[in-house]
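First the structure, in the form of structure tokens, and then the observations on it.
The values are calculated or read from the model by the stated rules, or taken from the named source; none is laboratory data. No experiment lies behind these values; they were computed from the predicted model shown. Here the Cβ is made from the backbone with ideal geometry for all residues, glycine too, and neighbour counts use every protein chain on show. The accessibility values were calculated without ligands, DNA or RNA, using every heavy atom of the protein model including side chains. Shrake-Rupley method; radii C 1.70, N 1.55, O 1.52, S 1.80 Å.
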Amino acid sequence: MNAGRLHSPRSLRGSRVALAGLAAVFLFEMLDNSVLNVALPTISRELHTGATGLQWVTTAYSLVFGGLMLAAGAVADRYGRRRVMLTGLVLLGLASLATAFVTTVGGLVAVRVATGIAAAMTTPGSMALAFRLFDDDERRVRAITVISTVGLVGLAVGPTVGGLVLAVWPWQVLLLVNVPIAALAFIGIRLGVAADDPGGLHRAPVDWTSAVLGTATIVLALVAPTRFVDGGPSDGTAWAATVGALGCGAWFAARQRRAAHPLLDLALVARPLVSSGLAYKAATGIAVAGLGYLVTLHLQLAWGWPPALAALGMLPQVAVLVAGSAFVGPFVRRVGLGHAAWSSAAAVVVGLAVYTLLGPLGYGWIALALVLVAAGMRVVGVVAGTNVLGGLPGDRTTIGAALVDTSSEVASAVGVAIAGTVLGAVFTGSLTATPWSNAQSAAFDHAVTIGGSLLTVLAGGLVAWAMVRARRALPTVPSPAAEVVVPERRAPDHQPAGR
């Protein structure tokens, strides 16, 4: 057992208080934006703001959340994962309470910024603490599956519940619901998770210059795809953000190689099963985001389905995501973590390919694509994160979880950007002015073929690269307790084995 490892419960039942708290954190992450999106028209009317103001309401949270995850993960690994998590939950509760006093769109944006900071402090820690609760992969997979299932249920029912709430109460209630969620998470983690052993913390000082560079890189990497979607390939701000992201990223990487105490040890990221796990997550993020963007437009604009019917059209994906929790554990036990990672990521790519080639022919093909993507995403979301965290030293688990979330966030933005930019370049006229002409319908189908093909090739390339990287890891051995094929447990922290 590594230094700093928490006492490992014998079963999930023995850790139910901690899991309830960690699941509440993931529920907040999944529920927050999905619920808020339902209220945007109401917010626009009551706060007297237009499209630009609403864009800041949604974007401010995502940029702060995505940009600060690496820095927050590094701080947590140095000063205590549980301590940073509890502090973030207090901030979440206070920011959500402040919603009751919001009267301007500027005030709401400020609340969303504070919420994004709280999310960066708490979300990576939920995976890191769940991983550290147990010493074997079988229980780790089960614990992360339980936590993710709670979040996915929230994601599935959030828009419907949000719409019902708006029919009775003010829109502020949708954000005030974070207060009891934060309280539940605080109590569960405070009572169920032991304080970090000082010996298990990373003792190097925080390189704040690297933290600023890393944050700038991620923020610009998230801004650039949005600008490409809104302004097209010729948008100057999109290219400026792209150049800025590349420049800051290169500077960040160079500093990590020469700094005495790097924020992110690139040698650890390069380990075969760490890098492959991140690549699987990135491939899934690209495919899922691109597919979701195109299918939503396909159902509502190309086929003219009303929003309610289009929501029903997405039910195959929702059903698999929610019900798939019963499938993850047995599947991983049968084939092992390594095979589960590549096969589930490949299923996502195959689902995207099915939509690209056959989606315009009928809804049955779209439903099949949604099922394949959801099934793959359900598994890879658990096993890829387990692989990444298992390949890192015990004092780097939170920044490892932050890397997993960051790779998914940036990849999702890239997926939407590619789909949106191709659509903007191929489609003529107003996208939302329906009914479309025959030429516009043909142009949309052409854009689906081009955009979907690009996304499929990119995601498939990442999966293939990840499979090659994973083969360079240590030989796998059977785990007697879990009957899961896993890599040899890592070596001492100064040179852990790749995961």
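Annotations for the structure displayed:
- Single residue of the stretch 321-356 satisfying the filter (without any contact (Cβ under 8 Å) to a residue 40 or more places away in the chain and open to solvent by 50 Å² or more (accessible area, probe 1.4 Å)) that is farthest from the chain's Cα centre (by Cα): 334
- Every condition in (1) open to solvent by less than 70 Å² (accessible area, probe 1.4 Å); (2) modelled with pLDDT of 85 or more; (3) farther than 20 Å from residue 344 by Cβ; (4) not aromatic (Phe, Trp, Tyr) holds for residue 454 except the one numbered (1).
- Some residue of the stretch 250-262 being within 21 Å of the chain's Cα centre (by Cα) and either on the phi < 0 side of the Ramachandran plot or buried (at least 16 other Cβ atoms within 10 Å of the Cβ) (or both): no
- Looking across the stretch 418-446, the residues that are free of Cβ contacts under 8 Å to residues at least 60 places away in the same chain and among the small types (Gly, Ala, Ser) come down to 429, 430, 433, 437, 439, 442, 443.
- Residue 141 being surrounded by fewer than 24 Cβ atoms within 10 Å (Cβ to Cβ) and hydrophobic (A, V, I, L, M, F, W, C): no
- Screening the stretch 190-244 for residues that are assigned to a helix (DSSP H, G or I) and within 18 Å of residue 85 (Cα to Cα) and picking the one that is farthest from the chain's Cα centre (by Cα) gives 198.
- Filtering the stretch 417-429 to residues that are farther than 16 Å from residue 449 by Cβ, among the small types (Gly, Ala, Ser) and open to solvent by 60 Å² or more (accessible area, probe 1.4 Å) leaves only 429.
- Selection of the stretch 263-286 for residues being surrounded by fewer than 19 Cβ atoms within 10 Å (Cβ to Cβ), outside any loop (DSSP other than H, G, I, E, B) and under 23 Å from the mean Cα position of the chain (by Cα) yields 266, 269.
- Residue in the stretch 122-137 that is at pLDDT 85 or above and in contact with a helix residue (DSSP H, G or I) (Cβ under 7 Å, 6 or more places away or on another chain) present: yes
- Answer residue from the stretch 457-466, given it is in contact (Cβ under 8 Å) with a residue 60 or more places away in the chain and open to solvent by 50 Å² or more (accessible area, probe 1.4 Å) and is nearest to the chain's Cα centre (by Cα) among those: 458
- Tally, over the stretch 293-319, of residues that are assigned to a helix (DSSP H, G or I) and open to solvent by 40 Å² or more (accessible area, probe 1.4 Å): 11
- Applying the set (1) modelled with pLDDT of 85 or more; (2) in contact with a strand residue (DSSP E or B) (Cβ under 7 Å, 6 or more places away or on another chain); (3) not aliphatic (A, V, I, L, M) to residue 476 leaves exactly one unmet item: (1).
Quick grid of which residues meet (1) aromatic (Phe, Trp, Tyr); (2) under 18 Å from residue 106 (Cβ atoms); (3) in contact (Cβ under 8 Å) with a residue 40 or more places away in the chain:
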residue: 18; (1), (2), (3): no, no, yes
residue: 25; (1), (2), (3): no, no, yes
residue: 40; (1), (2), (3): no, yes, no
residue: 71; (1), (2), (3): no, no, yes
residue: 77; (1), (2), (3): no, no, yes
residue: 80; (1), (2), (3): no, no, yes
residue: 83; (1), (2), (3): no, no, yes
residue: 96; (1), (2), (3): no, yes, yes
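- Candidate set from the stretch 1-51 (those that are open to solvent by 40 Å² or more (accessible area, probe 1.4 Å), modelled with pLDDT of 70 or more and of a type in the set (D, E, K, R)); member that is farthest from residue 170 (Cα to Cα): 13
- Where residue 187 falls short, out of the listed (1) open to solvent by less than 30 Å² (accessible area, probe 1.4 Å); (2) more than 22 Å from the chain's Cα centre (by Cα): (1)
- Considered as a group, the residues in the stretch 164-184 that are among the aliphatic types (A, V, I, L, M) and in a loop (DSSP other than H, G, I, E, B) include one that is surrounded by the most Cβ atoms within 10 Å (Cβ to Cβ), and that residue is 177.
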